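Below is one structure; the comments refer to it alone.
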Amino acid sequence: MFCIFSHFLVRSPPKLETESPAVVWFHIPSTGSPPKFSLKCSAKGDPEKYTWYKNGVLFPIDETRIVWQRPGQSGTVTFLHPEESDQGFYQCNVSNIFGVAMSNIFEVKVGGKRNVKKTDEEACVNSEISVLDHFSSRPVQNIPVNEGDSLTLNCTKPLGIPEPTIFWLYRDVKKSYAMDTVNRKHITGISGTFD
């Protein structure tokens with residue numbers, strides 16, 4: 001009796017796993033250097049080459065102002081010193097000998113208060129643009145708490161210009177179609193009723 005085992009390695013074109021959202025915002029403050037931002041792109045399926053396009057034209061990564069986050073392992077790039085000229089439509093291209101995968105086209109925009117000079121003679125005026133990023137996604141957690149004990153639920157608010165107003169919503173599992181605003185910081189009762 002013989003047992004024969006063979007393992008076939010199936011090679012395929014790359015498949016995108018991570019890409020940036022439809023709109024990526026960055027901010028240019030009136031003083032100081034702007035915070036860096038990243039454009040995400042990663043794939044599985046033995047990706048061999050990552051390239052980026054801006055406004056339909058090959059976009060070179062200069063490795064000075066714009067750098068690969070993990071060269072050879074990911075197509076994610078980080079803009080270390082963002083400029084207003086970085087606005088535009090971007091797309092990530094991932095390829096190997098079996099094919100190509102391309103991300104959705106997404107837009108990079110500058111937002112927030114910045115000085116806009118209309119002419120050399122005119123003084124700078126403030127231009128206000130609204131920006132609201134997404135909450136970071138986290139898995140839902142059940143957190144058991146003994147009656148009478150306190151519990152703090154942290155909320156990491158997203159970037160927002162102007163500063164967003166954040167509030168909590170409560171949804172009773174028995175009435176999943178209805179939500180209430182949590183106006184008080186104290187909730188009592190095992191059922192989660194409001195104080």
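Which condition from (1) surrounded by 13 or more Cβ atoms within 10 Å (Cβ to Cβ); (2) more than 21 Å from Val110 (Cα to Cα); (3) not aromatic (Phe, Trp, Tyr) is the one that Arg70 breaks?
(1)
Within segment 85-103, restricting attention to residues that are assigned to a strand (DSSP E or B) and β-branched (Val, Ile, Thr), which residue is nearest to Lys44 (Cα to Cα)?
The extreme case among them is Val94.
Does any residue of segment 131-138 turn out to be among the aliphatic types (A, V, I, L, M), modelled with pLDDT of 70 or more and under 27 Å from Ser30 (Cα atoms)? Step through it out loud before you land on a result.
Step one: filter segment 131-138 for residues among the aliphatic types (A, V, I, L, M), giving 131-132.
When the remaining residues are screened for being modelled with pLDDT of 70 or more, the result is none.
Within segment 131-138 (the criterion being among the aliphatic types (A, V, I, L, M), modelled with pLDDT of 70 or more and under 27 Å from Ser30 (Cα atoms)), the answer is no, since none of the residues qualifies.
Filter segment 77-125 down to the residues that are among the polar types (S, T, N, Q), surrounded by fewer than 14 Cβ atoms within 10 Å (Cβ to Cβ) and at pLDDT 90 or above, then identify the one that is nearest to Glu17 (Cα to Cα).
Of all residues in segment 77-125, those among the polar types (S, T, N, Q) come to 78, 85, 87, 91, 93, 95-96, 103-104, 115, 119.
Filter once more, so that each one left must be surrounded by fewer than 14 Cβ atoms within 10 Å (Cβ to Cβ): 85, 104, 115, 119.
Add one more test, that the residue is at pLDDT 90 or above, and what stays is 85, 104.
Numbers: Ser85: 28, Asn104: 12 Å.
Taking the candidates together, the pick is Asn104.
The values are calculated or read from the model by the stated rules, or taken from the named source; none is laboratory data. None of these values were measured; they are calculated from a predicted model. Positions of Cβ are generated from backbone atoms using ideal geometry, with glycine treated the same way; all protein chains shown enter the neighbour counts.
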